[in-house]
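Undergrad: Before I ask anything, let me first share the structure, which is written out below as structure tokens.
What follows draws every value from the coordinates through simple rules; no lab data is involved. Bear in mind that the values here come from a model prediction, so they are computed numbers and not experimental data. Note: ideal-geometry Cβ built from the backbone for every residue, glycine included; neighbour counts use all protein chains shown.
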Amino acid sequence: MDTKPCTSGLSENAVMITRVADRQWHALEDDLVVGRGYAKYRPDGRLFVSIDAWHDAAFDRLAEAMLAALPAPLYTVVDEADVELTAGWRRAGFTTRRREWEYAVPTDSRITGLDEVLPPPGITIVPAGQADDGLLRAVDRAIRDEVEATIGWQSMPAEVIPRPEGDTIVDPSKYAVAATPDRYLGLIRVVTVNRPRIGLVAVRVGEQRRGIARSLLAHALGTLHNSGFTEAWTEVQESNRSATALFEGIGARPMSSNLELVR
């Protein structure tokens, strides 16, 4: 544990920055915790930082201590509507790496226009919970390798689900797939906790532009609609024009945006 005193701009009292654990800090003022900061490695190896502070002085002191102790580059994700938090990270030297839009996606086929969408000939949609585990993991690995070899997996949605080392499929029951008799060509992951979220829609490079992604969406959204959900949610990177066109083409509405910042 280490401490670092500094002067708060809001009072005569000193703000004390204390490292309370590995990659965890507290800001103390009059023995009261007025801010917390922590850093965590994502599964892709990048180090993300977060600060929750009562006022700018505590934020700035925490950021100063954390940046001095942690290796670069550092990343963070903020709601773009949170002007104060975004400004705090910019004062600390962070710049925008990318923007990610959150969309509300209707499930009613009368709105999406997906009511008559069928898979291409020779392809069937295997519902969530029925996919072969080995084939599912094979197509997931193949798609991830294809992405990494082109635009890079770091360009995909900022939210990364924690997973066991080396395993990219956390819960096979969340995936529906587009299948031929001997292999899978694409997949869609839908998680329903507080609200349905489409975490991933992906198709093998050699099988794209055949309508497979639309077929997977038609299946997943139809399933949600039959379960009583009127909307689902998803995130799309602003520069991913094909994904943007896919979702906006079925009536999805941008609701908010997140910024991934880097220093």
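Undergrad: Given an 8 Å cut-off on Cα distances and at least 6 residues of separation, report the relative contact order of the chain as a percent. Don't skip to the end; give the middle numbers.
TA: On the way: 481 pairs, mean separation 64.8, N = 263.
Contact order relative to length: 25 percent.
Undergrad: Using Cα atoms only, what is the angle between the long axis of helix 56-69 and the major principal axis of the chain, expressed in degrees (0 to 90) to the nearest 10?
TA: Approximately 80 degrees, to the nearest ten.
Undergrad: With +1 on the Cβ of every Lys and Arg and -1 on the Cβ of every Asp and Glu, and nothing else charged, how large is the dipole of region 41-135 about its Cα centre, in debye rounded to the nearest 20? Don't skip to the answer; put the middle values down first.
TA: Values: 9 positive and 16 negative charges, 98 e Å.
Taking the Cα centre of region 41-135 as origin, the dipole is about 480 debye.
Undergrad: To test your reading of the geometry: what angle, between 0 and 90 degrees and rounded to tens, separates the Cα axis of helix 133-149 from the longest principal axis of the chain?
TA: 60
Undergrad: Rounding to the nearest 20 debye, state how big the charge dipole of the chain is about its Cα centre with +1 on each Lys and Arg Cβ and -1 on each Asp and Glu Cβ. Please list the in-between numbers first.
TA: Working: 30 positive and 37 negative charges, 141 e Å.
I would put it at about 680 debye.
Undergrad: Among 249-262, 124-137, what's the highest-first ranking by average C-beta atoms within 10 angstrom per residue?
TA: Working: 249-262: 17.2, 124-137: 15.1.
Highest mean packing first, the order is 249-262, 124-137.
Undergrad: Please give me, ordered by residue number, the GluC sites (Glu not before Pro) of region 13-81 that lie in loop per DSSP and have at most 15 other Cβ atoms within 10 Å. Don't jump to the answer; show the numbers that get you there.
TA: Numbers: sites: E29, E64, E80; in loops: E80.
Those that pass, being in a loop and sparsely packed, are E80.
Undergrad: Go through region 240-252 residue by residue and turn each phi into a ³J(HN,Hα) via Karplus (6.51, -1.76, 1.60, θ = phi - 60°); whole Hz please, and just put x for glycine and proline.
TA: Karplus values, whole Hz, x for Gly and Pro: 7, 5, 5, 5, 4, 5, 4, 6, 5, x, 10, x, 5.
Undergrad: Charges on Cβ only, +1 for Lys and Arg, -1 for Asp and Glu, centred on the Cα centroid of the chain; of A65, P181, Y103, which one is farthest towards the dipole's positive end?
TA: With unit charges placed on the Cβ atoms, the residue in question is P181.
Undergrad: Distances over 18 Å make up what percent of all Cα-Cα pairs in region 22-72?
TA: Values: 366 of 1275 pairs.
Looking at region 22-72, the distances longer than 18 Å represent 29 percent of pairs.
Undergrad: Hey, what's the Cα Rg ratio for region 72-130 versus the globular rule of thumb, 2.2 N^0.38 Å?
TA: Details: Rg = 20.5 Å, N = 59, 2.2 N^0.38 = 10.4 Å.
Expressed relative to 2.2 N^0.38 Å, the Cα Rg reads 1.98.
Undergrad: From Cα pairs below 8 angstrom and at least 6 apart in sequence, can you work out the relative contact order of region 15-134, rounded to a whole percent? Can you show the working numbers first?
TA: Numbers: 117 pairs, mean separation 17.4, N = 120.
That works out to 14 percent.
Undergrad: If you average the alpha carbon positions of region 209-242 and of region 11-65, how far apart do those two centres end up, in angstrom?
TA: Their Cα centres are 38 Å away from one another.
Undergrad: Ordered by packing density, taken as the mean number of other Cβ atoms within 10 Å over each peptide's residues, highest first, how do 198-205, 238-245, 92-99 rank?
TA: Result, highest mean first: 198-205, 92-99, 238-245.
Undergrad: At 222 nm, what helix-only mean residue ellipticity would the chain give, in deg cm²/dmol to the nearest 500, using -39500 (n - 2.57) for each DSSP H run of four or more? Spell out each step's value before the answer.
TA: Numbers: 6 runs with 67 residues, N = 263.
Roughly -7500 deg cm²/dmol at 222 nm, from the helical runs in the chain.
Undergrad: Turning to a different aspect of this structure: Does anyone have the angle between helix 212-226 and the longest principal axis of the chain? Alpha-carbon axes, 0 to 90°, nearest 10?
TA: Helix 212-226 sits at roughly 80 degrees to that axis.
Undergrad: Listed highest first by mean packing, meaning other Cβ atoms within 10 Å per residue, what order do 222-231, 172-181 come in?
TA: Values: 222-231: 14.9, 172-181: 18.8.
Those peptides, ordered most packed to least, come out 172-181, 222-231.
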